[in-house]
Amino acid sequence: LAANYLCCCRKPLPVPGRPGADAARARRPHPGSARCPLVDVASASNFQSFQLNHFHLDLRLNFTLKEMTGWLVLDLVPIQPGIDTLVLDTHPSLLIHSIDCKMPGSTQLDRPVSLTYRVDPFTDYGSSLNISLPGVVVQRGKGFQITLRFTTTDGPATWWLDPPLTCGQSQPLVFTLGHSVSNRSFFPCFDTPAVKSTYSATVRVPEGVMVLMSATRSSYSKPDRVFHFSMQYPVPAYLVALVAGELKHVDVGPRSRVWAEPCLLSCALNKLGGSVERWLAVAEDLFGPYPWGRYDIVFLPPSFPIVAMENPCLTFIISSILESRDFLLIDVIHEISHGWFGNAVTNATWEDMWLSEGLATYAQRRITTLAYGEAFTCLETRFRLDALHRQLRLLGDDSPVSKLQVTFEPGVNPSTLMNLFTYEKGFCFASYLCKLCGDVSRFDAFLRAYISQFKFSSVVAEDLIELFLDFFPALKEEGAAHREGLEFDRWLGGLGAPLYEPDLSAGGVLTRPVHQLCDLWADPAPDPNALAAFDLSTWTSFQTVLFLDRMLDRCPLPHEVMEGLSGAYSRLLASQSAEVQIRWLQMVVRSNYPPEIPAVRSFLHKHTSRMYTVPLYEDLVAGVMKCVAMETYSQTQGRLHPNLRRSLQQIIFQSPNPAPSPPPNPSPFPFPPSNPSDVRVTSSQVRL
């Protein structure tokens, strides 16, 4: 594990605001530099040999051919001697047409030099693009430009939606999704979170198409339909994102607007109102100024494969989440938190992904505590930690993916190893660090110092821990990092459940009724008068899903229990969000309760997102209802994205007896694992 992290030794870093902090920041080698070698087994590139100062994308979108053609210009500086090859990450779906170079000191009149290159296999999620560099180009410390002309086709980062797959069903739409290692199929790059740079882009589109990017729009030429974008702060490749289609906007604050297809815009506006600015203001009080200028949101069609993606300046979020106020606010606040944790300060390798997701989850809960109260936050946390322990029971206490620092073997796609431990075990470690401080406001101050120290750079866990112990020297002196049973090294490298969980008793007023109702339904014939005391229509979404999750743990349920549950709640549940409905319908399928199967069919006809369809189809095929799965799929396949169709075909037609999906955890898997033995996508709560 240690071999995959920074090899250089560092002295403790001064804390921002104390003498020497600015000088220490200036001296600190950036990950990937010659002084600070870093290994990222998920990247084929030789990013350690170059400094990427800036890149420019120039793209033309063709919705008919489902292609993006154009060029990429890289501004590079060699930082190691003797380099004669530039290696970039790419993908078989990305077609390279030509590569040329401008020599150091050349003028606009000088002709570029054509370069030779070859593409070699790397993994099943990418290839290596090896570009031979003339000796005159590679002069240590002197910059040069590489221009690559290419066409992006049907790769994993680019999602082309025909009109039937959009909300309005009249115009096509395209979006990109780079997390974790997919953007190498969007454009050739150093596809590692260790490398950050500024970028700019020019995008040409047909009439009637609006383009948005994870950047600021600098200009727009209406006659030519040319959009210009600029990102002035350094970002890693996976945070470069684009969406284009029939999109309109409404301003919801001085620095925020909501984008959506016209048919969705009023609903999105009604659901969010002025909340976004309120959430940003609370976050700024906690963690310092918002680093990115604008915070816009674009609601994407149900074909969007995850709940949300934290692209800088522009959060992508699935429109289905608008059905649930509670889940909407949690997911938007989580993505806002990434503005500090994940986007401004980024994990240098995917093995330390918890630095982004665990800290963003902690920050999200600090915001919701101040905005909505401690009880609400404790309820949401209890729901997530229940899911964590459920996943642990499924995987086993000795599962290697239960580590915070997961060792990636070469060839393993980092996306397949994302799990709840990244989020919730990371959150618990952050909560433990807060407990060590003795006061939550002191830990808030530390997090502000962490952001100030490392803003717009990439870090590893050791950076966080070193700064923490410097910030609290008394804890360092008393050996807090080595307390028996709670050692920091054990937190990072140990298997199993979190070593500490925060006190959630403040949520008892909301969780206690859930426990009581579950206890009543443990009796096959519960007392009707006792049941009448629980009005689920007054519950929050998180109370309802917590109840359904715990009932799912007991499935299959006897027919008489399902009959009672159906009579008591099915009409109410059918009127609630997809987050609620999917849990009830999984209970129906796993308990083989035929009277509610029409509701299962109806749900799968309405919802076309991976996170809502895959769990139900897996349960249908695993039980005695494979014929229902086959019939429903044949009726709906025309409205499913090709990527999802391939997944469902594998589930229905190529897997005669798959294991049933576990209860619907709020799992962060963005895509299904390539290995059937891996944990499947099983949840409606898939967010990044």
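The values are calculated or read from the model by the stated rules, or taken from the named source; none is laboratory data. Bear in mind the structure is a predicted one, so any value in this text is a computation, not a measurement. FYI the Cβ positions are ideal-geometry reconstructions off the backbone, even for glycines, and counts take in every protein chain you see. Areas reflect the complete protein model, heavy atoms only, side chains present, ligands, DNA and RNA absent. Shrake-Rupley method; radii C 1.70, N 1.55, O 1.52, S 1.80 Å.
Quick one: Asp22 ticks every box in (1) outside any loop (DSSP other than H, G, I, E, B); (2) modelled with pLDDT of 50 or more bar one, so which box is it? In the conditions (1) outside any loop (DSSP other than H, G, I, E, B); (2) modelled with pLDDT of 50 or more, Asp22 misses (2) alone. Cβ-Cβ contacts under 6 Å between residues 6 or more apart (or on different chains), taken from a first residue in the stretch 534-556 that is within 19 Å of Leu620 (Cβ to Cβ) to a second residue that is basic (Lys, Arg) and open to solvent by less than 10 Å² (accessible area, probe 1.4 Å), are listed as Leu548/Arg583. Every test in (1) of a type in the set (A, V, I, L, M); (2) closer than 22 Å to Leu247 by Cα; (3) touching a helix residue (DSSP H, G or I) at 6+ places or on another chain (Cβ under 7 Å) is passed by Ala283 save one, and that test is (2). Scanning the stretch 79-106 for residues that are under 32 Å from the mean Cα position of the chain (by Cα) and either open to solvent by less than 40 Å² (accessible area, probe 1.4 Å) or within 18 Å of Gln51 (Cα to Cα) (or both) yields Ile79, Leu86, Val87, Leu88, Asp89, Thr90, His91, Ser93, Leu94, Ile96. For the stretch 256-287, filtering for residues that are over 23 Å from the mean Cα position of the chain (by Cα) and in a loop (DSSP other than H, G, I, E, B) leaves 2. Taking Leu572 as the residue in question, decide whether it is in a helix (DSSP H, G or I), hydrophobic (A, V, I, L, M, F, W, C), open to solvent by 10 Å² or more (accessible area, probe 1.4 Å) and modelled with pLDDT of 95 or more. Against the criterion (in a helix (DSSP H, G or I), hydrophobic (A, V, I, L, M, F, W, C), open to solvent by 10 Å² or more (accessible area, probe 1.4 Å) and modelled with pLDDT of 95 or more), Leu572 qualifies.
Quick one: which residue in Pro223, Pro164 is touching a helix residue (DSSP H, G or I) at 6+ places or on another chain (Cβ under 7 Å) and surrounded by fewer than 24 Cβ atoms within 10 Å (Cβ to Cβ)? Checking each option against the conditions leaves just Pro164.
Are any residues in the stretch 634-647 closer than 25 Å to Pro595 by Cβ and within 28 Å of the chain's Cα centre (by Cα), and if so, which ones? Before the answer, list the steps.
Just the residues of the stretch 634-647 that are closer than 25 Å to Pro595 by Cβ, to begin with: 634-636.
Answer for the stretch 634-647, where residues must be closer than 25 Å to Pro595 by Cβ and within 28 Å of the chain's Cα centre (by Cα): just Thr636.
Determine whether Met68 is under 30 Å from Asp224 (Cα atoms), open to solvent by less than 70 Å² (accessible area, probe 1.4 Å) and either touching a Cys at 6+ places or on another chain (Cβ under 6 Å) or modelled with pLDDT of 50 or more (or both). Criteria met by Met68. In this structure, does Met630 turn out to be aliphatic (A, V, I, L, M), modelled with pLDDT of 95 or more and more than 27 Å from the chain's Cα centre (by Cα)? Criteria met by Met630. Among helices (runs of 4 or more DSSP H) entirely within the stretch 455-543, having at least 3 residues that are at pLDDT 95 or above and closer than 25 Å to Met353 by Cα singles out 461-471, 488-493. If the condition is being closer than 21 Å to Phe47 by Cβ, part of a strand (DSSP E or B) and open to solvent by 70 Å² or more (accessible area, probe 1.4 Å), then the stretch 109-140 contributes Tyr117, Arg118, Val119, Pro121, Phe122. The single residue among Ile306, Ile317 that is in contact with a Pro (Cβ under 8 Å, 6 or more places away or on another chain) and either of a type in the set (A, V, I, L, M, F, W, C) or in a strand (DSSP E or B) (or both) turns out to be Ile306. Leu38 satisfies every condition listed in (1) modelled with pLDDT of 95 or more; (2) in a loop (DSSP other than H, G, I, E, B); (3) surrounded by 18 or more Cβ atoms within 10 Å (Cβ to Cβ) except (1). Whenever a residue of the stretch 154-167 is over 19 Å from Ser93 (Cα atoms), its partners that are of a type in the set (A, V, I, L, M), lying with C-beta atoms within less than 8 angstrom and at least six residues away or across chains, give the pairs Leu165/Leu173; Leu165/Leu640; Thr166/Leu173; Cys167/Ala260; Cys167/Leu264. Restricted to the stretch 231-263, and to residues that are closer than 25 Å to Gly273 by Cα and in contact with a Cys (Cβ under 7 Å, 6 or more places away or on another chain), which residue is least open to solvent (accessible area, probe 1.4 Å)? Once the filter is applied, the top-ranked residue is Glu261.
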